[in-house]
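Working notes, beginning with the structure itself.
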Amino acid sequence: MTDKLNQYPTSAQDKMNFITRMTADQQLRVVVFFSGRLDETLMARAVRIAMDCEPVLGCRFVEQPNRTYWERRSDLDELELCRVVEGNPAGMMAFLTEPTDPCREPLMKARIFRNPEGDTLCLKVDHAAADGTGSKEAAYLVADTYTHLLADPDYRPGLGKFNRRSQSAFFRQAGLKNLIKYRPRSLSLPHQNRFTLPYNENRNDGQSYAVRILTPGEVRSLKAYGKTHGATLNDLILAAFFRALSKACNATPGKAYSIQVPIDLRHSLPEGKEQRICNLSGGLFPAVTLQAGETFEETLASVKSTMAHWKSNQPGLTGAMIMELAFALGYAKGKAQVQRIASAHGKDVSPLLLSNLGVLDANRLDFGLLKIESAYELGPIMLNNGLMLTASTYADHLTLGMGYCRGNLAAEIVEGLVEAVKCELDFF
């Protein structure tokens with residue numbers, strides 16, 4: 001192969017997620033707890049084969065002054081892609097939170113943490129290669145490959161096709177009239193007030209996660225409540241987050257505050273046209289006005305109303321076009337513009353994001369006969385003055401996670417905030 005045949009185009013979202021590593025660590029994590037032991041040799045092979053099945057996972061991100069591209073690595077067989085760590089509880093958090101560079105390091109890494117109770121598999125995917133949905137698809141691919149290897153240790157499907165990564169299918173589905181409607185002078189984001197928390201600038205002492213898990217019984221009660229009130233699980237989590245933030249931030253009653261909510265643009269594509277392991281996400285900016293002493297049901301009604309408004313007309317189209325326009329005059333100018341906006345921070349924790357990473361499908365997250373006790377997905381850790389709450393569901397276990405920088409923000413503030421969201425949700 002020539003060098004040119006080893007190179008693939010980067011999408012606008014790939015570029016954006018690479019540049020914004022200055023504001024977040026840009027990694028997605030899937031954590032799977034087993035009641036028994038994995039075959040570590042087969043697991044390492046499964047990760048390696050997955051990098052052939054989905055070629056972008058076996059690439060490095062190449063940044064040049066005014067150009068970026070994906071380049072297939074020639075050293076994949078020499079990399080340590082999965083190893084076993086024996087009986088080190090602190091090691092899992094260290095692995096989950098260690099920084100990575102998509103220009104030098106593998107875009108997908110795995111570790112098996114071995115304890116008497118069973119193995120825990122941690123799989124990390126760089127956000128430059130895939131978003132939350134794409135990272136789940138990468139986990140399913142590894143699981144499927146591992147299962148094939150259990151049946152046939154010589155399984156080797158070969159190099160797959162480099163799949164579409166651009167937003168073009170989403171734009172085609174939106175239609176020409178909508179694209180004209182969202183012409184450049186119409187592109188704008190809302191300017192509602194944002195919740196803020198004080199933080200200590202330039203005192204990052206490493207990263208960590210606050211995690212809370214709702215049991216299947218609690219989740220079933222929550223879903224029943226949502227069904228009665230015509231609300232999705234995402235509506236319920238968002239309402240709980242608004243209420244928890246309102247208390248933690250001493251928000252002014254009667255004033256509208258906004259939270260950023262990422263959405264999966266794949267849902268807008270027709271069946272059979274979905275793009276799997278890639279970046280194809282948009283953003284909504286719902287704002288809710290909380291009154292003093294209002295009930296959860298009242299907050300939920302406001303959340304449902306504002307989310308319905310945001311979803312009513314091509315949700316995510318504005319953000320998708322902004323990303324394309326950012327790089328219309330070349331990568332260098334786009335990067336400078338994004339960095340200028342990203343560096344314009346105040347001295348408070350803001351923005352706040354809620355990312356519902358969705359359901360980890362038990363039928364697809366299958367490692368043969370080995371029983372899975374639980375699993376969850378965690379999102380990027382916001383650096384400096386941002387916080388992101390992520391939610392994921394597996395077998396009716398709902399996991400809430402929030403990464404943070406120790407020193408910049410007191411652990412008790414983050415732990416208290418995630419606990420407050422859980423308390424808002426588990427009384428139904």
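Here, each number is a calculation from the coordinates, and none is a lab measurement. As the structure is a prediction and not an experimental result, all values here were calculated from the model. Virtual Cβ from ideal backbone geometry, glycine too; neighbours counted across all protein chains shown.
So for each of 374-380, 249-255 I average, over its residues, the number of other beta carbons within 10 Å; can you give me the resulting order with the highest mean first?
Averaged packing, sorted descending, gives the order 374-380, 249-255.
Residue-wise, which Karplus ³J(HN,Hα) couplings in Hz belong to the stretch 291-297, taking 6.51 cos²θ - 1.76 cosθ + 1.60, θ = phi - 60°, and x for glycine or proline?
Along the stretch 291-297, the couplings run 9, 4, x, 6, 7, 4, 4 Hz.
With each run of n ≥ 4 DSSP H residues scored as -39500 (n - 2.57), what mean residue ellipticity at 222 nm is computed for the chain after dividing by its residue count and rounding to the nearest 500 deg cm²/dmol?
Mean residue ellipticity, 222 nm, calculated: -10500 deg cm²/dmol.
For D361 and S305, what does the FRET efficiency come to when R0 = 30 Å and r is the distance between their Cβ atoms, rounded to the nearest 0.05?
0.45
What pairs from K161/K311; K136/K304; K255/K335 go past 30 Å between their alpha carbons?
Correct reply: K161/K311; K255/K335.
Which value in nm describes the separation of the simple spin-label points at I213 and E271, placed 7 Å from the Cα toward the beta carbon?
Label at I213, label at E271, 3.4 nm between them.
In terms of modelled amide H atoms, which long-range or inter-chain residues lie less than 5 Å from the amide H of R406?
The list, which skips near neighbours in sequence, is D205, G206, Q207, S208.
Quick check on packing: order 279-292, 411-424 by the mean number of other C-beta atoms within 10 Å, highest mean leading.
Going from most to least packed, we get 279-292, 411-424.
Which whole-number percentage describes the relative contact order of the chain, with Cα contacts under 8 Å and a sequence gap of 6 or more?
Worked out over the chain, it gives 25 percent.
If I model a spin label as a point 7 Å beyond the Cα along the Cα-Cβ vector, how far apart are those points for N193 and R67 in nm?
5.0
Starting from the 7 Å offset along Cα-to-Cβ, what nm value, one decimal, do you get for the label separation of T232 and D154?
Distance between label points: 4.7 nm.
Between A395 and A411, what length comes free when the chain is fully extended (0.36 nm per residue of separation minus the Cα-Cα distance, one decimal in nm)?
2.9 nm
Tabulate in residue order the Karplus-calculated ³J(HN,Hα) for the stretch 158-167, using 6.51 cos²θ - 1.76 cosθ + 1.60 with θ = phi - 60°, rounded to whole Hz; enter x for Gly and Pro.
x, 6, x, 7, 6, 7, 4, 10, 7, 8
Multiply the residue gap between I341 and E117 by 0.36 nm, knock off their C-alpha separation, and tell me the result in nm, one decimal place.
75.9 nm
In debye, nearest 20: dipole of the chain around its Cα centre with unit charges on the Cβ of K, R (+) and D, E (-)?
Here the size comes out at about 1720 debye.
Please list the non-local residues whose amide H lies under 5 Å from the amide H of L290, H modeled 1.01 Å from N, same-chain partners needing a gap of 5 or more.
The list, which skips near neighbours in sequence, is G254, K255, Y257.
At R0 = 25 Å, how high is the FRET efficiency between S374 and R203 if r is their beta carbon distance? Nearest 0.05 is fine.
So the FRET efficiency works out to roughly 0.15.
Given [x] 21.3, 73; [y] 23.0, 75; [z] 21.3, 67 as candidate values of Rg and Dmax of the Cα atoms in Å, which corresponds to the one derived from the coordinates?
Read-out taken from this structure: [z].
Rounded to whole Hz and in sequence order, give me ³J(HN,Hα) for the stretch 23-28 from the Karplus expression 6.51 cos²θ - 1.76 cosθ + 1.60, θ = phi - 60°, writing x for Gly and Pro.
Working through the residues one at a time gives 10, 7, 6, 6, 9, 10 Hz.
Would you mind calculating the gained length between F427 and V85 on full extension (0.36 nm times residue separation, minus the Cα-Cα distance), in nm to one decimal?
Between F427 and V85, full extension yields an extra 119.3 nm.
Between the alpha-carbon centers of the stretch 353-428 and the stretch 232-280, tell me the distance in whole angstrom.
Taking the Cα centre of each part, the stretch 353-428 and the stretch 232-280 sit 14 Å apart.
5 Å is the cut-off here: which amide hydrogens, built 1.01 Å from N in the peptide plane, fall below it relative to A24, excluding neighbours closer than 5 in sequence?
Excluding prolines and chain starts, which carry no amide H, the hits are L383.
Say a paramagnetic label sat at a point 7 Å from the Cα of L329, along Cα to Cβ; which residues of the stretch 49-79 have their backbone N under 20 Å from it?
Zone members listed by number: 64-68.
Once the convex hull of the C-alpha atoms of the stretch 4-151 is built, how many Å³ does it hold per residue, rounded to a whole number?
Hull volume normalised by residue count: 110 Å³.
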